[in-house]
Amino acid sequence: MGDFTHGCCLASCAKPPAFPLCWGHAYSVPARVTTAAPTPTRRYSAVQLQPTDTNAGDAKNQIQEYKDTLIINAAAELFYKRGFKSATLDEIAASIGVTKPFIYKRFKSKHELLERLFDKVFAGLYEAVSQCEQLEDKDPVRRFEFFIDTYTRRKIELSTFSVILLEEEKSLSPEKISDIRSKYHGFDALVTRLIVNGVEAGVFQVGNPKVTAFAISGMVQWTHRWYQPNGKLSIEALCQEMTQMALRLVGWTGQYVLPVPPIAQR
């Protein structure tokens, strides 16, 4: 059997300030975020990337990380509204009240800004969904639900960044695209492991876990293209629907029960 190519686009997504767990199974739930899917008017989401956690005692590194994230978020807004080619470093600097040398001190070029944007988005997403393997609950169904719920939420909450990375893939260097492909292999491996664990436990029934993993990733990957936060379907309902569909794809025959929010969220 030949190799399979990842079925989704390069746009993955996001670094949350606090990573959500599967909604309802006594886990934490993120606040609802109303980010708009891209429209012809290019409505920009107010949700932004957060600075990477650093050593609390290292104030200098914290300040540098804050400045870098401030610049990356400003760049993301302009890349989304005007496109990577049209946006300039002068405009990015002006949008946050700094000079262009301030940006050059931290980033060599506009291309480096775009690449760092991808790195932060992907690292945040992977860190969030990979927590499924650290849950105390070792039930493969619960871990799989965690993954689908978290993945879906992050795609919607930071859909703006997914759009940028999808549309600006052409602006990345060949080396960066190769790096992205390599990172996606790790992501694919995680999804496949979750499915294989369920098969080995006798709760999932699939013929080819790898193909099923690609199908599920692709299904969730594109939600930011069609989901409307202000529509009739809430993000909670969307996550439930996506979870149920994913469970059917892996051949789970159990009865899906609407999760009960943890006490802290009632």
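Which condition number in (1) under 25 Å from Asp139 (Cβ atoms); (2) without any contact (Cβ under 8 Å) to a residue 24 or more places away in the chain is the one that Asp149 fails?
Checking Asp149 against (1) under 25 Å from Asp139 (Cβ atoms); (2) without any contact (Cβ under 8 Å) to a residue 24 or more places away in the chain, the one that fails is (2).
For Ile92, are the conditions met, namely being within 20 Å of Glu167 (Cβ to Cβ), among the β-branched types (Val, Ile, Thr), crowded, with 21+ Cβ neighbours inside 10 Å and at pLDDT 95 or above? Let's see the steps before the verdict.
Numbers: within 20 Å of Glu167 (Cβ to Cβ): yes; among the β-branched types (Val, Ile, Thr): yes; crowded, with 21+ Cβ neighbours inside 10 Å: yes; at pLDDT 95 or above: yes.
Against the criterion (within 20 Å of Glu167 (Cβ to Cβ), among the β-branched types (Val, Ile, Thr), crowded, with 21+ Cβ neighbours inside 10 Å and at pLDDT 95 or above), Ile92 qualifies.
Determine whether region 104-113 contains at least one residue that is closer than 24 Å to Tyr227 by Cβ, out of contact with any His (no Cβ under 8 Å at 6 or more places or on another chain), surrounded by fewer than 15 Cβ atoms within 10 Å (Cβ to Cβ) and not aromatic (Phe, Trp, Tyr).
Looking through region 104-113, none of the residues is closer than 24 Å to Tyr227 by Cβ, out of contact with any His (no Cβ under 8 Å at 6 or more places or on another chain), surrounded by fewer than 15 Cβ atoms within 10 Å (Cβ to Cβ) and not aromatic (Phe, Trp, Tyr).
If you go through region 100-141 one residue at a time, how many are out of contact with any strand residue (DSSP E or B) (no Cβ under 8 Å at 6 or more places or on another chain), more than 16 Å from Gln64 (Cα to Cα) and assigned to a loop (DSSP other than H, G, I, E, B)?
Of the residues in region 100-141, 5 are out of contact with any strand residue (DSSP E or B) (no Cβ under 8 Å at 6 or more places or on another chain), more than 16 Å from Gln64 (Cα to Cα) and assigned to a loop (DSSP other than H, G, I, E, B).
Counting just the residues of region 74-88 that are surrounded by 15 or more Cβ atoms within 10 Å (Cβ to Cβ) and without any contact (Cβ under 8 Å) to a residue 24 or more places away in the chain, which one comes out nearest to Leu166 (Cα to Cα)?
The extreme case among them is Leu78.
With the condition kept exactly as written, say whether any residue in region 122-134 is within 21 Å of Ile164 (Cα to Cα), surrounded by fewer than 22 Cβ atoms within 10 Å (Cβ to Cβ) and touching an Asp or Glu at 6+ places or on another chain (Cβ under 9 Å).
No, that holds for no residue.
Please pick out the residue among Glu145, Glu157, Glu112 that is more than 27 Å from Ile195 (Cβ to Cβ), acidic (Asp, Glu) and out of contact with any Gly (no Cβ under 8 Å at 6 or more places or on another chain).
Glu112 is the lone residue from the list that is more than 27 Å from Ile195 (Cβ to Cβ), acidic (Asp, Glu) and out of contact with any Gly (no Cβ under 8 Å at 6 or more places or on another chain).
What number of residues in region 70-87 are closer than 16 Å to Ile103 by Cβ and either assigned to a loop (DSSP other than H, G, I, E, B) or at pLDDT below 90 (or both)?
Of the residues in that region, 2 qualify.
Only residues that are of a type in the set (A, V, I, L, M), surrounded by 13 or more Cβ atoms within 10 Å (Cβ to Cβ) and either at pLDDT 95 or above or closer than 19 Å to Val203 by Cα (or both): list them for region 216-266, please.
Ile216, Met242, Met245, Ala246, Leu247, Leu249, Val250
Taking helices (runs of 4 or more DSSP H) that do not extend beyond region 154-266, which have at least 1 residues that are within 20 Å of Cys132 (Cα to Cα)? Full working, then the answer.
On the way: elements: 159-167, 174-200, 209-221, 223-226, 235-249.
Answer list for region 154-266: 174-200, 209-221, 235-249.
The values are calculated or read from the model by the stated rules, or taken from the named source; none is laboratory data. Everything quoted here is computed from the prediction, not taken from an experiment. Quick reminder, even Gly has a Cβ in these numbers, built from the backbone with ideal geometry, and neighbours come from all protein chains shown.
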